[in-house]
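The structure appears below as structure tokens.
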Amino acid sequence: MTGITGLFTIWRNTRLVVLISVIAAIHAAAMIAFKWLVLLPGVTDVRPAAVFPVVFSLLFGPAAAWGAAIGNTIGDLFGSLGPGTLIGFVGNLLYGYIPHRVWESWRTTPPRMNTVGDWAIFGLSVVAASSACALIVGWGVHLLGLYPFPFVSGIILANNTLLSLVLGPALLKALEPRVARLNLLYSDLAAPRGGASARRALTRAAGIVLAVLALGGVVSGYSAWAAAAPASTITFAVTPFVVGVLLMTLLL
């Protein structure tokens, strides 16, 4: 299963579908436990659960994308369900999908964090996924007129990035050996990706460009807001970056 097609063909794999259900349940439970720490009513709250999509993405591949998206939707049923829920579904789908693809484009081994290179690719995975999620959700909520783009994107970017960088490595080190012994890593459950070196070069470049575009989009939105630009101008400033991130995701 290669690239974006793997995001959909995993539904043919019974074990991966079961994993989606388990990941969704874990993500939702962790979200619900902290629902009382509201940051933006109806949109977001403090989310230690943000570390799970990244870690699970590196372990279970696209199953983590659907698990994060579905789990986020379930969590919204307990206090923040609203027009932004669909935007959150898309944002969390990318958040749980991008780390796996970025890691796989640079590494053929499980995420064991044994080398400086492993740490660097982990950092790139976190930044690309967190900034993409922040950009998409912030843009969508801004379009709906719920909250200004900088408020939403800033909270999500800080929450997801910091928690994943701080808690992610320890959680990976604790879980990866156990998951590997059970033969439940994505590489155990799905056909090997393989691919020519040219394809790997393309996905590597796409991951880097995606991170740059996503961060650039957040900065662009902040700059327009700081200049007291109207909502329509902020939307105009951010939308090209959203399109670019979605295109780069298709190339991962």
Assuming ARG107 fulfils every condition listed in (1) touching an Asp or Glu at 6+ places or on another chain (Cβ under 9 Å); (2) under 21 Å from VAL22 (Cα atoms); (3) among the basic types (Lys, Arg) apart from one, which condition is it? (2)
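Just give me the residues in segment 142-151 being more than 14 Å from LEU215 (Cα to Cα) and either under 13 Å from the mean Cα position of the chain (by Cα) or in a helix (DSSP H, G or I) (or both), in sequence order. Don't jump to the end; show me each part of the working.
Of the residues in segment 142-151, the ones more than 14 Å from LEU215 (Cα to Cα) are 142-148, 151.
Matches in segment 142-151: HIS142, LEU143, PHE151.
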Would you check which residues across segment 2-19 are open to solvent by less than 80 Å² (accessible area, probe 1.4 Å) and touching a residue at least 60 places away in the same chain (Cβ under 8 Å) and list them? THR2, GLY3, ILE4, GLY6, LEU7, ILE10, ASN13, LEU16, LEU19
Would you mention how many residues in segment 105-124 are without any contact (Cβ under 8 Å) to a residue 40 or more places away in the chain, more than 25 Å from ILE4 (Cβ to Cβ) and part of a loop (DSSP other than H, G, I, E, B)? 2
Enumeration of residues in segment 77-113 that are modelled with pLDDT under 90, surrounded by fewer than 17 Cβ atoms within 10 Å (Cβ to Cβ) and over 18 Å from PHE60 (Cα atoms): LEU77, PHE78, GLY79, LEU81, GLY82, PRO83, THR85
Going through segment 129-163 in order, the residues found to be more than 23 Å from VAL54 (Cα to Cα) and either in contact with a Lys or Arg (Cβ under 8 Å, 6 or more places away or on another chain) or open to solvent by 20 Å² or more (accessible area, probe 1.4 Å) (or both) are HIS142, LEU143, LEU144, GLY145, LEU146, TYR147, PRO148
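Assess whether VAL218 counts as being without any contact (Cβ under 8 Å) to a residue 60 or more places away in the chain, among the hydrophobic types (A, V, I, L, M, F, W, C) and within 20 Å of LEU124 (Cα to Cα).
On the way: without any contact (Cβ under 8 Å) to a residue 60 or more places away in the chain: no; among the hydrophobic types (A, V, I, L, M, F, W, C): yes; within 20 Å of LEU124 (Cα to Cα): yes.
Here the answer is no, as VAL218 does not meet what is asked.
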With respect to ALA64, is the statement that it is within 22 Å of PRO240 (Cβ to Cβ), buried (at least 24 other Cβ atoms within 10 Å of the Cβ) and of a type in the set (Gly, Ala, Ser) true? no
Out of VAL51, VAL55, VAL127, which single residue is touching a residue at least 12 places away in the same chain (Cβ under 8 Å), within 25 Å of VAL243 (Cα to Cα) and within 14 Å of the chain's Cα centre (by Cα)? VAL127
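With respect to ALA49, is the statement that it is assigned to a helix (DSSP H, G or I), open to solvent by 10 Å² or more (accessible area, probe 1.4 Å) and of a type in the set (Gly, Ala, Ser) true?
Working: assigned to a helix (DSSP H, G or I): yes; open to solvent by 10 Å² or more (accessible area, probe 1.4 Å): no; of a type in the set (Gly, Ala, Ser): yes.
It is false that ALA49 is assigned to a helix (DSSP H, G or I), open to solvent by 10 Å² or more (accessible area, probe 1.4 Å) and of a type in the set (Gly, Ala, Ser).
Taking ARG181 as the residue in question, decide whether it is without any contact (Cβ under 8 Å) to a residue 12 or more places away in the chain, of a type outside the set (A, V, I, L, M) and either farther than 22 Å from ILE121 by Cα or open to solvent by 40 Å² or more (accessible area, probe 1.4 Å) (or both). If you could, list the steps in order and put the result at the bottom.
Working: without any contact (Cβ under 8 Å) to a residue 12 or more places away in the chain: yes; of a type outside the set (A, V, I, L, M): yes; either farther than 22 Å from ILE121 by Cα or open to solvent by 40 Å² or more (accessible area, probe 1.4 Å) (or both): yes.
Considered against the rule, which asks whether it is without any contact (Cβ under 8 Å) to a residue 12 or more places away in the chain, of a type outside the set (A, V, I, L, M) and either farther than 22 Å from ILE121 by Cα or open to solvent by 40 Å² or more (accessible area, probe 1.4 Å) (or both), ARG181 comes out as yes.
Any idea how many residues of segment 114-128 are of a type in the set (A, V, I, L, M) and either open to solvent by less than 20 Å² (accessible area, probe 1.4 Å) or touching a Pro at 6+ places or on another chain (Cβ under 6 Å) (or both)? Break it down into steps so the answer makes sense when it comes.
Looking only at segment 114-128, we keep the residues that are of a type in the set (A, V, I, L, M), and these are 116, 120-121, 124, 126-128.
Pick out the ones that are also either open to solvent by less than 20 Å² (accessible area, probe 1.4 Å) or touching a Pro at 6+ places or on another chain (Cβ under 6 Å) (or both) and you get 121, 126, 128.
Of the residues in that region, 3 qualify.
The values are calculated or read from the model by the stated rules, or taken from the named source; none is laboratory data. Because the structure is a prediction, the values reported are computed rather than measured. Please note: Cβ atoms are built from the backbone with ideal geometry, for glycine as well, and neighbour counts cover all protein chains shown. Just so you know, the surface numbers come from the protein's heavy atoms only, side chains and all, with ligands and any DNA or RNA stripped out. Shrake-Rupley method; radii C 1.70, N 1.55, O 1.52, S 1.80 Å.
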